Amino acid sequence: MDHTGVRFLLDGELVDLPQVDPAATLLDHLRYTLRRTGTKEGCAEGDCGACTVLVGSLEEDGTSVAWRAVNSCIQFLPMLNGKALTTVESLKGHDGALCPVQDVMAANGSSQCGFCTPGFVMSLHGRSIGAKGCELPVADVIAGNLCRCTGYGPILEAGEGLAPAHVDDAAVVDALAGIAGQGASGEWQGRRWFAPRTSDELAGLLAAHPEARLVAGATDVGLWVTKGLRTPGTMIFLGDIADLSRIEERDGALTLGAAVRYADAHAALARLHPELGELVRRIGGLQVRNAGTIGGNIANGSPIGDGPPALIALGAELTLRSISGRRTIPLEDYFLAYGSQDLRPGEFVEAVRIPRPAADTVIHIAKLSRRFDSDISAVCGAFALQVQDGIVTGARVAFGGMAATPRRAAACEAALCGKAFDEATLAAAAEALGHDFDPLTDVRGSASYRIAAAGNLLRRLWLREQGVRISVLEVEA
Amino acid sequence: MAERDPAWKVLPKPSRPHDSARLHVTGEARYADDVHEPAGMLHLAFGQSSEARARIVSMDLAEVRKSPGVIAVFTAADIPGANDVAPVAGDDQLLADGEVACHGQALFLVAATSQRAARVAARLGRIEYERLAPAITIADARAAGSHIEPAQRMARGDAATALEGAAHRLQGRFAMGGQDHFYLEGQVAVATPGEDGQVHVLSSTQHPSEVQHLIAHMLQLSSADVTVEVRRMGGAFGGKETQAALFAAAAALAAHRTGRPAKFRCDRDDDMVMTGKRHEFEVGYDVGFNADGRLQGLSLHLASRCGASVDLSPAINDRAMFHSDNCYYVPDVEVVSERLKTNTVSATAFRGFGGPQGMLAIERVIDHVAAHLGLDPLDVRMANLYGPGRDTTPYGMEVADNVAPQIIARLRATSRYDERARAVAAFNVASPVLKKGIALTPVKFGISFTTTHLNQAGALVHVYADGSIQVNHGGTEMGQGLHVKIAQVVADVFSVSPDLVRITSTRTDKVPNTSATAASSGADLNGMAAYNAAMTIRERLCAFLSRAYAVGESEVHFTPGGVLVGGQTLAFGQVARKAHIGRISLSSTGYYATPGIEYDRSVFKGRPFYYFAYGAAVSEVVIDTLTGEHRVLAVDILHDVGRSLNPAIDMGQIEGGFIQGQGWLTSEELVYDAKGRLLTHSPATYKIPTASDRPGHFTIELWDGENVEPTINRSKAVGEPPFMLAISVFSALNRAVAAAAPGRRTIPPLDAPATPERVLCAIAAHGAGE
């Protein structure tokens, strides 16, 4: 590794930390070391957005900065290496003038208790400067920011009235050029950490440290530290590995490197199918999608991770790599059992390849949760049916939240394949789900709701194909 | 304000932004955790009970003490005075002594050099328990005969006879969940030891005086030795009325015992586990009515889960009873309120303070009656409103200021309710999967603490010789805009700009013996106290100027252009300086006690409220009958704040209150397991509304009447009443669910919160004829 320690830019000034605890969070560093207390801790688990900051990274072309709103409460300091940081304190001019977002929010009654306000300011400021993922409507950009006082109206109004702001990043580009582009590593109280630049380096590091914890966006591992009070041993940070961050659309497939963030993949996934895009829109808030990766979502093996069921239904393949080579498996085969994946020591998830659905594929992807935005599903169902001349010639049906892993519904698929594409077939397929799944009752839903709603999704698919309106999101008063 | 200045017109005051708005958006507003930590600061964490109910056989804290960074560990035996952080009943221990009564209860307190060190160590206690059978649910507690106090009964006439004689009669039951406050700033307190045993505590509390008194008793100090200060809270909503005391007392104990400053900043998940929530209720009713839906007799049973201690549950459940009439007259009525003691965290104050539960109960009854008769529920509501000759509540208070009928009529017209109700019906005929519902529900909310002696407030106003003004009052700022309203009140007394008025942090050494900032009373009580303080100074200035300029006092006028006296105009600053040189006191306290209220709890009769605040809302919703998913599409609100002290602030309270109420009734679900452990203890699983849950169409209008009572500026309280406007969402959801089986003349079995799962379940049960 070329550099020891962490260096980042804060308001143009270099912060050089030769020694860091790799599991220290950016939020704590801001609040209790740098005494920038404008950034708040609301939950310390990436769910409320009070700690939102903007992190800028040099684009691959080296001439511009990609800014991303992230939750600083679950960003580890090494993830900041080679990046630029903007906090709420950065926005006020030296003359005391408020930036446009602050100005309009202060005048518009957008704050009451004020505790969530800096986070909203950062999200909306990010939108005004064209930060990543911010082409969405204001409500989506702030879906990861919770406010308990205002009811959001004055915040939405403030955001909608904002003109795009130009920021001159030339100085940041120059400064980043001096510190970005190098791998980094360090050691803290006997715990080593690495931030490699290539997947080759990663393969080598993992061979040498098979016990190492891989950290991409830290949207999961972050909570082990802040909530589980765990202290990870060796940590390898994946955020700077350029060849794991590639998005390729060619040869009838979309290939996503494992370190591709959800926000960056959103558009390409939406091009595969609009409902896949809608699913991605509802994964976390923007801050979570700006950190969380496709690879991490798969690799952590969550039974309810929202990405995998849809990708399985679309026939995704996973490439796993180690120093001794690569192997490719169907995505569904990766998930062996609860907490157990087909991942060998020294191996890592390199990429996922999703074939573009054929034109005759009937697709329905549905996420059912208590709240539409920034929630985890009770049930996530995905259906990809090949229908030719009124006959279902192929079916891939996958669910999350219905079993210990995301997985396909074999009996349901069997009840569909070779049958007429009609109401009776879909009803029989819904019935067959009872053979596929024996879901749990947990905090997100009861077994009976899960099985009933899962079956109803097939009916909903059928009715949608008949032109019936099925989405409450598409109705107005 | 009985003697109002005739020059002071009773008009809405101008909107002004929150006094801290600029500090909020820049991140410069300081909350307790933002204050620079002094060297040697200790950080605190509680060891918590893993059991809902148990006897503590032994606590082995050796590993805790050995954990890196730990400076001290305290147990109940280390508390010098009273081991109590309860508001009234003395039954909330700071640290468990002998037994635990709920999961998460504090057992011991760790003080360490860092917050993480404290939290890590706090998990290392080895506790041996003798488990006892817990009562987790209302049913468990009822079976065990476990109550925090005897059931209370409020009645008028003879409900049983009226029910027997009614043309129609229905029985029903339903349940509504609790609610976590989810203030964005968690519980936090910083205690700094002073000389001679004194202690200063910076606390995020709605009730600094109570925290002061509890800490004094806990440390065996006098109240004069304990100062509690609050600059602002990052949200509270009732969750920092009594619940802040636990953390403040812990910090004070550690500071007192170690001589070092100590901070308790609670982790979010611990906060959600350890602090109280809105009461969960189960409601049973037996209602008699005529063919028009007019209620003849009602027997209402309210059962609530109060949790492990008394806290404020008696008053909260009383308020549920007081609001179980909402805007409706029932000639013969009986309300029985059962207060169950369970081994779950003690339920506590939350915006509305029991009012929402009582009000939802009666609105549910009305919806059931309407469904049974096949009438529009709004017509049934109209048929039952208080009015001439039927204007006395079950507790004997005359509804003298009833504007509900006018508010409903105007909103019905402006929201085009009837036209939209027809459109909703047409939509439902044509839409097999999606169904809509629409409902208009009113609110009548009683203003005053029902514990009469709490209705008092004090303020301290200083005019400095440069003409700047500093105001201190007993109220706390939690985002509701109390300080800006009071600055406006004081500024108006002197006819100066509110910019000249600095409101300082709330401190028990400036204004003593205050009531909690609660019951929506902050502006009513403290505004009047500040007004009285300012008026005292103004009267002194008048007398002084009259002497100095040899004019009558009536010839001294405070105007926006300056003080007019004897043909001259003096800037306010000049007046202040002259008065100072003239040896006139420019500082005064002010005091206010709400007049005219009295209430006898032993018979549930009297006038517990000074006045009522009113409002109404129309909500339109859509549901997916295959998944239970739903959205609130449109909301129109007309709400009564009297003559507003600050319309922009009041509009913010109305919208925020509504959305919070919508969350209570839709997505916010508290789930406990069979062992009494809260499973929804973080925002990952507990879902308050996000920006996209705000209805796309949302209008708010203020009713243009004034308070009939001489409140400050003839305004009305606004903190809590709008919360209950969201009952219209629940009512609309019921109608949407019912639309899935249009032939049925009954109400769907939908409990609150109406999660997608509950909606889908209600559709199935309703369709199956259950």
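The values are calculated or read from the model by the stated rules, or taken from the named source; none is laboratory data. Model, not experiment: these values are computed from the prediction. Virtual Cβ from ideal backbone geometry, glycine too; neighbours counted across all protein chains shown. Just so you know, the surface numbers come from the protein's heavy atoms only, side chains and all, with ligands and any DNA or RNA stripped out. Shrake-Rupley method; radii C 1.70, N 1.55, O 1.52, S 1.80 Å.
How many Å² of accessible area per residue for the stretch A:1-241, probe 1.4 Å?
Working: 8060 Å² over 241 residues.
Heavy-atom accessible area per residue stands at 33 Å².
In the stretch A:457-477, the residues whose accessible area drops by at least 50 square angstrom when the other protein chains are added to the isolated chain are A:Arg460, A:Arg469, A:Val472, A:Val475, A:Ala477; the probe is 1.4 Å and only protein heavy atoms count. Listed peptides B:265-274, A:164-173 appear in the order B:265-274, A:164-173 once ranked by packing, highest mean of other Cβ atoms within 10 Å at the front.
Which whole number gives the average count of other chain Cβ atoms within 10 Å of the Cβ atoms across peptide A:120-128?
Details: counts 3, 4, 1, 0, 0, 0, 0, 0, 0.
So the per-residue partner count for this stretch is 1.
Going through the cross-link list A:Lys132/B:Lys263; B:Lys13/B:Lys444; B:Lys435/B:Lys716; B:Lys436/B:Lys605, which pairs have a Cα-Cα distance over 30 Å in this structure? Check vs 30 Å cut-off fails for A:Lys132/B:Lys263; B:Lys435/B:Lys716; B:Lys436/B:Lys605. For the pair the stretch A:114-166 and the stretch B:440-480, the centres of their Cα atoms are 32 angstrom apart.
Figure note: A:Ser471, B:Ser337 ranked by solvent-accessible area, largest first, 1.4 Å probe, ligands and nucleic acids not counted: A:Ser471, B:Ser337. Here the Karplus relation 6.51 cos²θ - 1.76 cosθ + 1.60, evaluated at θ = phi - 60°, turns the backbone of the stretch B:588-595 into coupling constants of 8, 8, x, 9, 8, 10, 4, x Hz, with x for every Gly and Pro. Rolling a 1.4 Å probe over the protein heavy atoms of the stretch A:150-259, with every protein chain left in place, gives an accessible area that is 48 percent carbon and sulfur. Legend: residues in the stretch A:143-190 shielded by at least 40 square angstrom of accessible surface upon adding the remaining protein chains to the isolated chain (1.4 Å probe, heavy atoms) are A:Leu146, A:Arg148, A:Cys149, A:Gly151, A:Tyr152.
Treating only the Cβ atoms of Lys and Arg (+1) and Asp and Glu (-1) as charged, compute the dipole magnitude of the protein assembly as shown about its Cα centre; round to the nearest 20 debye.
Details: 115 positive and 139 negative charges, 147 e Å.
That gives the protein assembly as shown a dipole magnitude of about 700 debye.
Residues whose amide H lies under 5 Å from that of A:Val362, counting only those 5 or more places away or on a different chain, are A:Leu385, A:Gln386, A:Val387; hydrogens are built 1.01 Å from N in the peptide plane.
Residues whose amide H falls under 5 Å from that of A:Val215, counting only those 5 or more places apart or on a different chain, are A:Ile236, A:Phe237, A:Leu238, with hydrogens built in the peptide plane.
Positive end of the charge dipole of the protein assembly as shown (Lys, Arg +1 and Asp, Glu -1 on Cβ, about the Cα centre): tell me which of B:Tyr592, B:His36, B:Pro405 has its Cα farthest that way. Among B:Tyr592, B:His36, B:Pro405, the one farthest towards the positive end of the dipole of the protein assembly as shown is B:Tyr592.
Summed over both chains, the area buried between B and A is near 6600 Å², taken from the accessible surface of protein heavy atoms with a 1.4 Å probe.
Magnitude of the Cβ-charge dipole of the stretch B:456-593, K/R +1 and D/E -1, about the Cα centre, nearest 20 debye?
On the way: 10 positive and 9 negative charges, 70 e Å.
I would put it at about 340 debye.
Shown for chain B: the carbon plus sulfur share of the solvent-accessible area, taken with all protein chains present and a 1.4 angstrom probe, equals 51%.
Measuring with a 1.4 angstrom probe and ignoring ligands and nucleic acids, A:Trp224 comes out at about 60 Å² accessible.
Please give the average number of partner chain Cβ atoms lying within 10 Å of the Cβ of each residue in B:645-653, rounded to a whole number. List each step's numbers first, then the result.
Numbers: counts 0, 1, 0, 4, 2, 0, 4, 9, 4.
Average per residue, whole number: 3.
Candidates B:Ile366, B:Gly194, A:Tyr338 compared by Cα position along the dipole of the protein assembly as shown: farthest toward the positive end lies B:Gly194, with charges placed on Cβ. Taking the centroid of alpha carbons for each part, the stretch A:68-112 and the stretch B:274-350 are 45 Å apart. 3J(HN,Hα) along the stretch B:375-385, derived from phi through the Karplus expression 6.51 cos²θ - 1.76 cosθ + 1.60 where θ = phi - 60°, amounts to 9, 5, x, 5, 5, 5, 4, 4, 5, 10, 4 Hz, with x in place of Gly and Pro.
For the peptide B:677-687, the mean number of other protein chain Cβ atoms found within 10 angstrom of a residue's Cβ is 5.
Taking the DSSP beta bridges with both ends in chain B, the antiparallel portion is around 80 percent.
Taking GluC sites (Glu not before Pro) that fall in a DSSP loop and have at most 16 other Cβ atoms within 10 Å as cut points, what is the longest piece of chain A between them? With a cap of 16 other Cβ atoms within 10 Å, the longest stretch comes to A:212-475. Entry comment: accessible area of the stretch A:361-474 is 35 Å² per residue, from protein heavy atoms only and a probe of 1.4 Å. The relative contact order of chain B, computed from alpha carbon pairs under 8 Å that lie at least 6 residues apart in sequence, is 15 percent.
What percent do you get for the relative contact order of chain A when only Cα pairs under 8 Å and 6+ apart count?
On the way: 1046 pairs, mean separation 56.7, N = 477.
Dividing the mean separation by the residue count of chain A yields 12 percent.
Ordering B:Thr242, B:Thr161, B:Thr536 by how much accessible area each has at a 1.4 Å probe, largest first, what is the list? Please report the intermediate quantities before stating the final value.
Values: B:Thr242 10, B:Thr161 80, B:Thr536 45 Å².
So, going from the largest accessible area down, we get B:Thr161, B:Thr536, B:Thr242.
Backbone geometry of the stretch A:61-76 corresponds, through the Karplus equation with coefficients 6.51, -1.76 and 1.60 at θ = phi - 60°, to 3J(HN,Hα) couplings of 6, x, 10, 8, 10, 9, 9, 9, 7, 9, 7, 5, 5, 10, 9, 7 Hz, x marking Gly and Pro.
With a cut-off of at most 10 other beta carbons within 10 Å, and DSSP calling the residue loop, which GluC sites (Glu not before Pro) in the stretch B:516-601 qualify? Please list them. Kindly include the intermediate steps, with their values, before the conclusion.
Values: sites: B:Glu539, B:Glu553, B:Glu555, B:Glu598; in loops: none.
For GluC sites (Glu not before Pro) across the stretch B:516-601 that sit outside H, G, I, E and B with at most 10 neighbouring Cβ atoms in 10 Å, the list is empty.
Could you report chain B's accessible area per residue, 1.4 Å probe, as an integer in Å²? Write down the numbers at each step before the final one.
Values: 24460 Å² over 770 residues.
Per residue, chain B has an accessible area of 32 Å².
Distances between placed amide hydrogens fall under 5 Å for A:Leu254 paired with A:Ile354, A:Arg356, all partners being 5 or more residues away or on another chain. Using a/c under 1.5 as the rounded threshold, could you call the protein assembly as shown rounded, prolate or oblate? The axes a ≥ b ≥ c are square roots of the C-alpha gyration tensor eigenvalues, and prolate needs a/b larger than b/c, oblate otherwise. Because a/c hits 1.5 or more and a/b fails to exceed b/c, the protein assembly as shown counts as oblate. Burial of accessible area (probe 1.4 Å, heavy atoms of protein chains only) in the stretch A:340-376, relative to its chain alone, reaches at least 50 Å² for A:Arg370, A:Arg371, A:Phe372. Using C-alpha pairs under 8 Å with a sequence gap of at least 6, the mean separation divided by the residue count of the stretch A:361-474 gives a relative contact order of 20 percent. With the charge dipole of the stretch A:212-336 set up from +1 on Lys and Arg Cβ and -1 on Asp and Glu Cβ about the Cα centre, the Cα lying farthest toward the positive end among the listed residues A:Trp224, A:Ala263, A:Gly315 is that of A:Trp224. Dipole magnitude for the stretch A:361-474: about 280 debye, using +1 per Lys or Arg Cβ and -1 per Asp or Glu Cβ, origin at the Cα centre.
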